[in-house]
Amino acid sequence: NTGSTSVTACDTYTWDGVVYDTTGTYTNTYTNVAGCDSVHTLSLTINYSTSGSTSITACDSYTWDGVVYDTTGTYTNTYTNAAGCDSVHTLSLTINYSNTGSTSITACDTYTWDGVVYDTTGTYTNTYTNVAGCDSVHTLNLTINYSNTGSTPITACDSYTWDGVVYDTTGTYTNTYTNAAGCDSVHTLNLTINYSNT
């Protein structure tokens, strides 16, 4: 007697201890209960699993199929291909990291950072790209102290000594000091010289 079976398998199929990995028609001969040949035919269809890979470089984290990865590594996901067999995809993931830094600056009147002039105490941030191609956020903790000015009118006879300098002519003179905040303190002397006579 004879018989047949149709089988569809992925990658390989084992029949009576023999592994088949190719689509085809195969026969085995047994002995039936009457002591005669029993020829069995296997119509075998082999579909194949597939594989693929992707290399990704990301900053800080990468989301693949809803899973967030934050560490460099090799990861796999298994899908079903069009033939109904496994499709194994490998992700070679490189995670680079963003970084942060800060600087504290004290300046007089204004401070220029990356072409922007700041004249108020505050915290400011700029975002750059680090050597890994990720964000590098730098924070500037800025303290602005201010210069000040003052003036004094003086009338004197013949000459006037100011900070060790003798002035004998009417005029406006300035000296620059450092105030308590460490900034310029510009003081103006409005000097009137009257002259004695004989």
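Just the C-alpha atoms of segment 149-198: what Rg/Rh do they give, with Rh taken as the Kirkwood radius?
Result: Rg/Rh = 1.09.
So for the chain: antiparallel DSSP bridges make up what percent, rounded to the nearest 5?
Numbers: 44 of 83 bridges.
DSSP beta bridges in the chain are roughly 55 percent antiparallel.
If you plug each phi of segment 188-196 into the Karplus form 6.51 cos²θ - 1.76 cosθ + 1.60 with θ = phi - 60°, what whole-Hz ³J(HN,Hα) values come out, in order, with x for Gly and Pro?
10, 10, 8, 9, 10, 9, 9, 10, 5
Taking 8 Å as the Cα distance limit and 6 or more residues as the minimum spacing, I'd like the relative contact order of the chain as a percentage.
Relative contact order comes out at 14 percent.
Once fully extended, how much extra length lies between residue 10 and residue 192, figured as 0.36 nm per residue of separation less the alpha-carbon to alpha-carbon distance?
Full extension from residue 10 to residue 192 adds 54.7 nm.
So, for the chain, what is the accessible surface per residue at a probe of 1.4 Å, expressed in square angstrom?
63
Residue-wise, which Karplus ³J(HN,Hα) couplings in Hz belong to segment 72-80, taking 6.51 cos²θ - 1.76 cosθ + 1.60, θ = phi - 60°, and x for glycine or proline?
Couplings: 4, x, 10, 10, 10, 10, 10, 10, 10 Hz.
Please report, as a whole percent, how much of the solvent-accessible surface of the chain comes from carbon and sulfur atoms (probe radius 1.4 Å).
48
List, in order, the whole-Hz ³J(HN,Hα) value for each residue of segment 92-98 obtained from phi through the Karplus relation with A = 6.51, B = -1.76, C = 1.60 and θ = phi - 60°; use x for Gly and Pro.
Values, residue by residue: 9, 10, 10, 9, 9, 10, 6 Hz.
With every protein chain in place, what's the accessible area of residue 127 (1.4 Å probe, Å², nearest 10)?
We get 90 Å² for residue 127.
Would you mind estimating how fast the chain diffuses translationally, via Stokes-Einstein at 10 °C and 1.306 mPa s with the Kirkwood radius over Cα pairs, in µm²/s? Numbers along the way, then the final one.
Details: Rh = 26.8 Å.
The Stokes-Einstein estimate is 59 µm²/s.
Sketch the reach of a paramagnetic label on residue 51 as a point 7 Å from Cα along Cα-to-Cβ, and name the residues of segment 68-87 whose backbone nitrogen lies under 15 Å away.
74-79, 86-87
How about segment 117-198: which chymotrypsin sites (Phe, Trp or Tyr not before Pro) there lie in a loop by DSSP and see at most 11 other Cβ atoms within 10 Å? Display every interim value, and only then the final one.
Working: sites: 118, 124, 128, 146, 160, 162, 167, 173, 177, 195; in loops: 146, 195.
Taking segment 117-198 and a limit of 11 other Cβ atoms within 10 Å, the loop chymotrypsin sites (Phe, Trp or Tyr not before Pro) found are 195.
Express in Å², to the nearest 10, the accessible area of residue 5 obtained by rolling a 1.4 Å probe over the protein heavy atoms while all chains stay in place.
50
On a full-extension model of 0.36 nm per residue, what is the gain between residue 19 and residue 70, subtracting their alpha-carbon distance, rounded to one decimal in nm?
Gain in length upon complete extension: 14.2 nm.
Could you work out, for segment 29-92, what percent of all Cα-Cα pairs fall into each 5 Å distance bin, beginning at 0 Å and stopping at the bin that holds the largest distance?
Values per bin, smallest distances first: 4, 13, 16, 12, 9, 8, 6, 6, 6, 5, 5, 5, 3, 2, 0.
Check which residues have an amide H placed less than 5 Å from residue 51's amide H, if you skip close sequence neighbours.
Here 88 satisfy the definition.
With every protein chain left in place, what is the accessible area of residue 40 in Å² (1.4 Å probe, nearest 10)?
In the full protein context, residue 40 sits at about 50 Å².
The values are calculated or read from the model by the stated rules, or taken from the named source; none is laboratory data. These numbers come from a predicted model, not from an experiment. When we count neighbours, we look across all protein chains shown, and the Cβ atoms used for this are built from the backbone with ideal geometry, even at glycine. With ligands, DNA and RNA removed, areas are computed over all heavy atoms of the protein, side chains included. Shrake-Rupley method; radii C 1.70, N 1.55, O 1.52, S 1.80 Å.
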